[in-house]
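Written out below as structure tokens is the structure these notes cover.
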């Protein structure tokens, strides 16, 4: 689904700064690329060797992906701190 001129008045980028998603990548999954990359970079900078305890502040998309990245890198115990509990409701 294409929304013409959506946010165009707020954001404008040069065409060579943008890439098209592959045809098989749905937009809902493609939108997780940036939060995943940020979370992986942040967690990888911590040099986790496995078994560490971690605390992550913020249940934003980046915070939630950081929880997954910490699990991937072997964190033993992960605590997620959030400001508003109602954000976790689906």
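The values are calculated or read from the model by the stated rules, or taken from the named source; none is laboratory data. Since the structure is predicted, the reported quantities are computational estimates derived from the model, not experimental observations. Ideal geometry is used to build each Cβ from the backbone, glycine not excepted, and the neighbour counts take in all protein chains shown.
For this structure, a couple of remarks:
- In the set 55, 78, 43, 62, only one residue is within 19 Å of residue 32 (Cα to Cα) and modelled with pLDDT of 90 or more; that residue is 62.
- The criterion of at least 1 residues that are in contact with a helix residue (DSSP H, G or I) (Cβ under 9 Å, 6 or more places away or on another chain) is met, among helices (runs of 4 or more DSSP H) falling completely within the stretch 12-90, by 33-44, 61-72.
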